[in-house]
Protein chains: 2
Amino acid sequence: LLEARQKVLKKNDLLARELRRRFEDAGVTVISLASSPGAGKTTLLARTLRHFIEAGTRVAALVGDLATDHDARRLRESGAKVQQITTGTVCHLDAEMIESAIRSWPLDTLDYLFIENVGNLVCPATFDLGESRRAVLFSTTEGEDKPAKYPPIFHTADVAVITKIDLAAAVGFDRAAALAAISSICPVMPVIEVSASSGEGFPTWCRWLHACRTLQLRL
Amino acid sequence: LLEARQKVLKKNDLLARELRRRFEDAGVTVISLASSPGAGKTTLLARTLRHFIEAGTRVAALVGDLATDHDARRLRESGAKVQQITTGTVCHLDAEMIESAIRSWPLDTLDYLFIENVGNLVCPATFDLGESRRAVLFSTTEGEDKPAKYPPIFHTADVAVITKIDLAAAVGFDRAAALAAISSICPVMPVIEVSASSGEGFPTWCRWLHACRTLQLRL
């Protein structure tokens, strides 16, 4: 099984590399979001899409789920182009699913493309999607030790986003312990603390997104 | 890959069947818990172990995690025998890991054995662990639509446990929508609503556990 898996991963990595080149050529900044189910990927993304659309930024999203198009429908309310990827029983998105979803898209009409992975803090770690940057989210309600317990996804991410900070007091969230858990796994990982409902920390998230794009355009 | 996976699953199913026979012969009731990371498996299980130990019930637990023995240490505080299974990068427990963990255990000295799976609402679905009954947990903070979005794990479970009900008001949890989502996937699934911190609903959970054992001993 391990051998078959490595073959799949190798094929995935090659396709992801090709995707990354296509995204860079088209000048689109691709941000993927990974987290547990219910950590708030869709809520943060919905707010982000609304904010970008209002600011005239050209943005679209791909959303992976085993079943239902709940998230795609929620995200479409922003007015952004959103494509659902239904994975069936597959626990993660892979580069082939992304390639197939964007095949007919004119990528050069986009500034940002967001990819919301299946809710899973384990399996998405090993699949490169060709994204420019990967964000891993975990919520204050999940507990402070998630980074220590799920290292691989944190190792592959470029930023850790702590979500639902408006609930921190209600759940007795220990912020210092969470920050320590992140830095024990990824010593130089930037951390963004955000509540997509109250908007607290949202400007910092947007600044990070802008910096990703700036960095990409300069290169 | 699919072929290799099916071979692994078939091998797993055969071993799980053998485990189930051994558990039944030994008269131990085996309950597995699956959920997203941070849904509260360990907190519920810690309370359950404490309660059982105080009542003189003979109980032990196996705990799966990619990394760290946080959960095993938390559970050992109850006084119960607890064995950590470190999966590395593997996103689920399988029958072989269970078999290897309990190899030297005198199973007939136990009334209950709990198995806490890796936090993952997807991959554990397809791996039979030889358990008597499987509980799938999801918390009020994750959102009401989890059953609709992750059908396989709900299909393989014997009970749905809604956790963190003490936070329902704070997160605007829509109970009716959650119950509807469960019954749309599993029309006859029993549902237990519990807060392992406040203890609300905990007696119902214990009644369900006792019923599982009664049913097993009668058969």
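The values are calculated or read from the model by the stated rules, or taken from the named source; none is laboratory data. It should be emphasised that the depicted structure is a prediction, and the values quoted were computed from it without experimental measurement. We place every Cβ from the backbone using ideal geometry, glycine too, and count neighbours over all the protein chains shown. Calculation scope for accessible area: heavy atoms of the full protein, side chains included, ligands and nucleic acids excluded. Shrake-Rupley method; radii C 1.70, N 1.55, O 1.52, S 1.80 Å.
Working note: Karplus 6.51/-1.76/1.60 with θ = phi - 60° gives segment A:61-75 the couplings 8, 10, 10, x, 8, 4, 7, 6, 10, 3, 5, 4, 5, 4, 6 Hz, where Gly and Pro are set to x.
Go ahead and run the numbers for FRET between A:Val191 and B:His155, Cβ-Cβ distance against an R0 of 51 Å, rounding to 0.05. Approximately 0.85, to the nearest 0.05.
By the rule of a C-alpha distance below 18 Å, with chain neighbours fewer than 8 residues away ignored, the lysines paired with A:Lys149 are B:Lys41. Using the Cβ-Cβ distance between A:Asp174 and B:Thr89 with R0 set to 25 Å, the FRET efficiency works out to roughly 0.40. Between A:Val161 and A:Val136, A:Leu137, A:Phe138, A:Ile192, the built amide H atoms are under 5 Å apart, and every one of these is 5 or more places off in sequence or on another chain.
Find the accessible area per residue for segment B:116-219; the probe is 1.4 Å, ligands and nucleic acids are left out, and the unit is Å². If you can, show how the numbers build up before the last one.
Numbers: 3820 Å² over 104 residues.
Each residue of segment B:116-219 exposes 37 Å² on average to a 1.4 Å probe.
Rounded to 0.05, the FRET efficiency of the B:Ile53 and A:Thr214 pair, given R0 = 51 Å and the Cβ-Cβ distance, is 0.35. Exposure here means at most 15 other Cβ atoms within 10 Å; with GluC sites (Glu not before Pro) in a DSSP loop as sites, the longest stretch of chain B lacking them is B:78-199. The gain in end-to-end length when the A:Ser184 to A:Arg22 segment is fully stretched comes to 54.8 nm, 0.36 nm per residue minus the alpha carbon separation. Mean per-residue shielding of peptide B:33-44 is 5, counting Cβ atoms of other chains within 10 Å of each Cβ. Per-residue mean of foreign Cβ neighbours for B:116-128 is 4 (Cβ atoms of other chains, 10 Å radius).
Between B:Arg74 and A:Thr204, the modelled label-to-label distance comes to 2.5 nm, taking each label 7 Å out from Cα in the direction of the beta carbon.
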